Amino acid sequence: MKWYPVELHTHTEHSDGDFTPTQLVQAAKARGFAGVALTDHNTKSGATEFNAAIEKSGLTGVHGIEWTTYWGHMLVLGEYTYTDWRGVTPDMIDEAIKRIHDHCGLVGIAHPFALSNPVNTGYHWEFQIADWQAVDFLEVWSRDNAPCKVQSLRAIELWEQLLNRGCHITATSGRDWHREDTRSYAHTYVGIEDELNEQNVLQAIRDSRICLAAGPLLTMQAETAQGPVYPGQQTESGNVTLKLCMDDQTMPHDWDRTAIIPEKIVLVQNGEVIETLPVCAEQTVTVRTQKGWLRADLIGRYFGREEQRIALTNPIWTA
Amino acid sequence: MILYERHYNWTPEDTRRDIPFAFCCPSNIKRLLITFTFSPGAEQQPERCEMAVERALTRYYDRYPRDIQPMQSEQFFPIKNLITLSLERDGVYLGNAHRWQTEQVHILTTKHASRGFEPPCAMEGTWAGMLHIHEILSQVCEGYLRVEGSEDA
């Protein structure tokens, strides 16, 4: 399994960003991303230029749009046509998600607890979802300084509640990239065994083969007789042997190694810490698990603040 | 040739309202020029901004202590009004100009469209659109929309 950094939430001058689509792709390449999605607000009009720039760059492009409504912002990735976002009221969202899925698109809730009206219009998620299982991903980290934000704590709390209900919903991070700056942003990594292409990125999101990192990348796999089990997949509960790897060489130009310092790894089962481990490049550990889900978090110092979650995996399911 | 023209007066109560408009584009038209303006672009009065932002901050922090991520209302002043415009032709969605500018000009032909819109496959037909009032904090916000058709592309 190879882990590729991809940015899944961006804007250009086709909505309210400063980049041209070409500049966006160039910026993604310069920062070390392997893939980038174009998700302008309520439009795909930048797609033609984006496609050409992707072709030239060698990066993997993902087509998307950000539904930017009064009741919330929703990232739609890979949909081959438009589903009209207009007039979709809070109680109509399940139907809209179904239509997007019918068009092969994925849906993700963007920054569900961000500061909203009148500062950022429609940022707080108010749509009434009846079927959370239908939501493909949840942006638990958004924009700069994500590990320390209240909105991140609230989003992770929601995510854990959904996981506890058995919803297989993928956590992602979104730069919500409108323009270049020098702030600190987290990264989304997709785990892909075959070729890196748009369909495989979308499948990795669907399958929760995703890890998030504000600094070093932390990955986790369960070792079983049948082979490795990755985030999003399922293994039997009981004794589970985990291989944990930390890569601090990832994205060398895009995080501050003097300000983001890993200090420990914790294993979280069904919302509770069940094991604390030292930080090292690679380790194997056997833990006793119950039915539910199991995730690894990297805890450390983040710009002077102690005990911050600076990386996390999506969960492995224990049946 | 003017195909559509209208003046608007909005208030904060119009926030989260869609304002539909429609016009017919005759066969001789090769180019549309859409002018959309609104004013004021932002609410400058600190008292009005303060109340609205404080409500937003209360909602944001919920039960979490504010010192986790300190923010002051004033850092967000003035508060911008946001109204955006979307378009469709014969039921086909063409896009949305989701941006903050208070004076917008959008040009559409079958070969080119201003940023936010895709060019239509033909100009002739029934056009429709919406003004999306994402936020008006000002007591009164005046808007103006005009669609002009031209025989020259």
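The values are calculated or read from the model by the stated rules, or taken from the named source; none is laboratory data. The structure displayed is predicted, hence computed values, not measured ones. Ideal geometry is used to build each Cβ from the backbone, glycine not excepted, and the neighbour counts take in all protein chains shown. Note: accessible area is taken over every heavy atom of the protein model, side chains too, but ligands, DNA and RNA are not part of it. Shrake-Rupley method; radii C 1.70, N 1.55, O 1.52, S 1.80 Å.
Residues of region A:59-99 whose accessible area, computed with a 1.4 Å probe over protein heavy atoms, drops by at least 50 Å² once all protein chains are present relative to their chain alone are A:Tyr70, A:Tyr82, A:Trp85, A:Arg86.
The share of accessible area on region B:114-153 that comes from carbon and sulfur is 43 percent, using a 1.4 angstrom probe.
Interface burial in region B:95-115, defined as at least 20 Å² less accessible area with all protein chains than with the chain alone at a 1.4 Å probe, covers B:Asn96, B:His98, B:Arg99, B:Trp100, B:Arg115. Measuring max minus min along each principal axis, the C-alpha atoms of region A:50-144 give extents of 41, 33, 23 Å (largest first). Which shape class, rounded, prolate or oblate, goes with region A:2-212 when its Cα gyration tensor gives a ≥ b ≥ c as root eigenvalues, a/c under 1.5 marks rounded, and past that a/b bigger than b/c marks prolate? It comes out rounded by the Cα gyration axes. Across the accessible surface of chain A, with the other protein chains kept in place and a 1.4 Å probe, carbon and sulfur atoms take up 46 percent.
For chain A, with every protein chain kept in place, what is the accessible area per residue (1.4 Å probe, Å²)?
Heavy-atom SASA per residue in chain A reads 36 Å².
For the protein assembly as shown, the 222 nm mean residue ellipticity estimated from helices alone, with every DSSP H stretch of n ≥ 4 adding -39500 (n - 2.57) and the total spread over all residues, rounds to -5000 deg cm²/dmol.
Could you report the buried accessible area between A and B, both sides summed, computed with a 1.4 Å probe and given in Å² to the nearest 100? Provide the component values of the computation, followed by the final result.
Values: alone 13260 and 9120 Å², together 18980 Å².
Protein heavy atoms only, the A-B interface buries about 3400 Å².
Average accessible surface for chain B: 49 Å² per residue, computed with a 1.4 Å probe over protein heavy atoms with every protein chain in place. For the residue pairs A:Lys98/A:Lys243; A:Lys243/A:Lys264; A:Lys243/A:Lys291, alpha carbon separations beyond 26 Å are given by A:Lys98/A:Lys243.
When +1 charges are put on Lys and Arg Cβ atoms and -1 charges on Asp and Glu Cβ atoms, the dipole computed for the protein assembly as shown relative to its Cα centre reaches about 400 debye.
The alpha carbon radius of gyration of the protein assembly as shown, expressed as a multiple of 2.2 N^0.38 Å, is 1.02. If one takes the longest principal axis of the Cα atoms in chain B, at what angle in degrees, from 0 to 90 and to the nearest 10, does the Cα axis of helix B:46-61 lie? In chain B, helix B:46-61 runs at an angle near 80 degrees to the longest axis.
Going from the isolated chain to the complete set of protein chains, region A:122-161 loses at least 50 Å² of heavy-atom accessible area (1.4 Å probe) at A:Val150, A:Arg154, A:Glu157.
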